[in-house]
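Comments concern the structure below.
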Amino acid sequence: MRISHRCEYALRALLELARNSQEGPIRIEEIARRQTIPKQFLANLLVHLKRGRFVQSKKGPEGGYYLARPARQINVGEVLATLGGRLYGPSFCDSHAGVERSCTHMPDCSIRSVWRMLQNAIDRVLGKITLKDLLVSEREMNAFPSAAGPALPAYSQHT
C-alpha cells in the first residue's frame with residue numbers, strides 16, 4: 001500500500017495554511033514554493049480541497065487560499081476520504097471483479113473482510129487526528145495516543 005502524492009501534498013498544503021493562518025490568504029505560488037509542490041498539481045488539489053470545504057479562496061492582489069474552518073475542526077481522515085485516499089470503499093468489489101461483470105466471490109469473501117478490518121482500523125486512527133494535531137514535531141506526533149495502541153517507533157527509510 002502506498003500513500004499517493006495527492007494525499008501527501010494535500011495534507012502538506014493544508015498544514016501550510018494552518019501554520020500561517022494569521023498571515024491571511026496565501027497565494028498558490030507561495031504554498032508551492034514553501035512545500036516544494038508542483039504549482040499545477042497544487043492548483044488542481046486546491047480545487048478539490050475547496051469542493052470538500054476544507055479551504056476557501058479570495059481573489060485579487062491580497063488574495064489566495066485559507067482554511068475554511070479552524071485546524072482543530074479539519075479531520076485528516078475526512079480529507080483523505082474526500083480525495084479518494086481510502087484503501088477500501090463501497091465500490092471496491094465492483095472495480096476488482098476480474099473479467100466478470102461482478103465479483104464471483106461477492107456473497108462470501110474472506111479477503112473483503114480483511115480489507116474492511118484494515119479500513120476500520122485506519123479510520124479509527126485518522127478519525128482522531130486533526131490538522132491542529134499535526135502542527136507539532138515528528139517526535140510529538142509519534143507519541144500521539146491512537147486506537148492502534150502504544151506509539152510506534154519512528155520509521156526510517158534506512159532500516
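Worth a mention:
- Reachable lysines, given that their alpha-carbon falls under 21 Å from the alpha-carbon of Lys58 and they are not under 8 places away in the same chain: Lys39, Lys50
- For Thr130, residues with placed amide H under 5 Å, excluding near neighbours: Val76
Coordinate-derived values only; no laboratory data. What you are looking at is a predicted structure, and each value in this text was computed from that prediction instead of being measured.
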